[in-house]
Amino acid sequence: MHYNLDLQFNSQSLVACMTEHPSIGGRAWPTVILADDLHEFAFALWSNSTPGFLCRWWMSNKTQAGRGASTVTSVPGFSTLYVRRLSTNQHQAAREAFDALAQERFLPFDQINEDTARAELDRRLLVDVLGLSPDLCVAGGPM
C-alpha cells in the first residue's frame, strides 16, 4: 500500500494504491504499513472514496495551486476510516469491493462529480462495507 503525498487535484485520481507484489514506496508515494494486511483494502477504499478524497483535500497544504502536499509525519493526523473497528465480514466486503473495482479508471479530483467509477466505489464502501443507507448513493443524492 502506498499513499500519495503530493496530490495534483486536476490530474491525479488516487490517494492510495496497492501493488500486486510487495514494493518499496518513494518520496511522493511512501509505503503505508497497517497492523493487519486485510485492513489495507478498507483503507484504500476509504482513501479513494469521495469522503476520503475530501478529507485528504481538507488536510493538505495547498500552497501550490492545484496541489495538495503533505509530509509523512502529517499523514497519521489525517481524518480516515478507523479500519480496526471493522468486523471480519466488513473487511471481507472491502476486499471484494476492491477486487471488483481494481481495474476501473477513476477521474481526477476536480471531476469527482462526473466519476461513475468513484460513485460505485462510494456505494460499495458506504452501503456494502459500512452498512449505511443506500439512499446516500442514489443518482442526484447526497453523494
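The values are calculated or read from the model by the stated rules, or taken from the named source; none is laboratory data. These numbers were taken from a predicted model, which means no experiment stands behind them. All Cβ positions, even for glycine, are placed from backbone atoms using ideal geometry, and neighbour counts span all protein chains on display. Areas reflect the complete protein model, heavy atoms only, side chains present, ligands, DNA and RNA absent. Shrake-Rupley method; radii C 1.70, N 1.55, O 1.52, S 1.80 Å.
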So what is the 222 nm mean residue ellipticity for the chain from helices alone, if each DSSP H run of at least 4 adds -39500 (n - 2.57) and you divide by all residues, rounding to the nearest 500 deg cm²/dmol?
-9000 deg cm²/dmol
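How much length is gained if the chain between A65 and D37 is pulled fully straight, taking 0.36 nm per residue apart and subtracting their Cα-Cα distance, in nm to one decimal? Numbers along the way, then the final one.
Working: separation 28, 0.36 × 28 = 10.08 nm, distance 3.51 nm.
The A65-D37 span can extend by a further 6.6 nm.
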Give the distance, in whole Å, between the Cα centre of segment 126-143 and the Cα centre of segment 68-90.
21
Per residue value of the accessible surface for the chain (all protein chains in place, 1.4 Å probe), Å²:
57
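What's the Kirkwood radius of the chain in Å, using all Cα pairs? Before the final figure, lay out the partial values.
Values: mean 1/r = 0.0649 Å⁻¹.
Kirkwood radius, the chain: 15.4 Å.
Treat every Asp and Glu Cβ in segment 66-143 as -1 and every Lys and Arg Cβ as +1, leave all other atoms uncharged, and give the resulting dipole magnitude about the Cα centre to the nearest 20 debye. Let's see the in-between values first.
On the way: 8 positive and 10 negative charges, 74 e Å.
Here the size comes out at about 360 debye.
Quick check: at a probe of 1.4 Å, how many percent of the accessible area of the chain sits on carbon and sulfur atoms? Intermediate results must be reported in sequence, preceding the final value.
Numbers: 4390 of 8180 Å².
The nonpolar share, carbon plus sulfur, comes to 54 percent.
Quick check for me: using +1 on Lys/Arg Cβ and -1 on Asp/Glu Cβ, what's the dipole size of the chain about its Cα centre, in debye to the nearest 20?
Working: 11 positive and 15 negative charges, 96 e Å.
Result for the chain is approximately 460 debye, rounded to the nearest 20.
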